């Protein structure tokens, strides 16, 4: 990697840190629920408003990149993110909170679709996977810090919403760094991705199964992000600021798991690694639902986080290797699957209101069982191209 590439890769990696801001929706949902005395059904509309837009904006973002270039598309994403962070500081009511998190979801969708190709543009082909893995690690660190920043804001500044000011300033710094480091206009090409070509891939059964897998693993992440604090409060009597650290513990485990996975996947086949991970996750999740002690619950949260850390990247890789000639459409389709966060949490909210929190979390157990089935299909012969 030459000196110029080193100069440009750092602001791009900082963009992955901003990408992780979207996961503040988990702890924010709990604060907003408490502030406005919301039911679980209404509260879970907040993460739904974030992740819905991944279904609607992924393909248009791919088309936009072809017209205005990657850098400008990333700048648009960061600008929308700043606006999303400033709104709750100026107007704070439930409708405004929904609108703010909708903007956060739109900005994050654009950022996820456009930032990854920038990596491939500035690093050598043999280093792309390494740098993208590093980016996901940085994103995980950002996700881990979210509940901590919210808790510190609530404890020391009297209002958890001051965390949005921290995020807004950080995103503004990202814009300035990106524009100053990457000045040249990129070659602009009309994108070949369209709605029709992308959605037609769902007729291919293996791609459809992997797409559902992406949808469910994101739903698991968002569902746990949202419900871990509530589970700890119900079972242990923790305050919200204390229970929010359970979410940080989950993301800490995911961060460690993604770091370890980079080494383990070099030694084991993805199918076998995926299978072992999912059955460990299923067992730990069942124990999380039935064990009453605080420490046993925290241990199970860590185990689930470790086991689920690399599922998204394995599913994404399997899809790309299955149909490499359709990589653009497959990438857009898999990012659309991130909308799973908008589908799983409302269902959890309805079941929680009607039958209790454990019933709501059973939705996540179903998602884990589905992923276990996909893992068995992938691992039958150790060939990641077969699902």
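A few points about this structure:
- For the pair residue 83 and residue 234, the difference between a 0.36 nm per residue extended length and the Cα-Cα distance amounts to 50.9 nm.
- Set against the 2.2 N^0.38 Å expectation for a compact globular protein, region 272-317 has a Cα radius of gyration ratio of 1.22.
- Convex hull volume per residue in cubic angstrom - Cα atoms of region 264-379: 102 Å³
- Only helices enter the 222 nm calculation for the chain: every DSSP H run of n ≥ 4 contributes -39,500 (n - 2.57), and dividing by all residues gives -27000 deg cm²/dmol, rounded to 500.
- Inter-label distance, residue 279 to residue 321: 2.1 nm, where each label sits 7 Å from its Cα along the C-beta direction.
- Annotation: the residues 308, 367, sorted from fewest to most other C-beta atoms within 10 Å of their own C-beta, follow the order 367, 308.
- For the chain, the pair-distance distribution built from all alpha carbon pairs, in bins 20 Å wide starting at 0, is 29, 61, 10 percent.
- When the chain is treated as a GNM with alpha-carbon contacts under 10 Å, the residue of 181, 168, 77 showing the greatest mean-square fluctuation is 181.
- Across region 1-103, Cα-Cα pairs more than 23 Å apart make up 38 percent of the total.
- Ratio Rg/Rh [Cα only; Rh per Kirkwood] for region 143-281: 1.07
- As a rough footprinting exposure proxy, the listed residues 161, 71, 323 were ranked by other beta carbons within 10 Å of their own, and the order from fewest upward is 323, 161, 71.
- With contacts taken as Cα pairs under 8 Å and at least 6 residues apart, the chain reaches a relative contact order of 26 percent.
All of the numbers you see were taken from the coordinates with simple rules; none came from a lab. In this text, all values refer to a predicted model and were calculated from it rather than measured experimentally. Here Cβ is always computed from backbone atoms with ideal geometry, including for glycine, and neighbour counts include all displayed protein chains.
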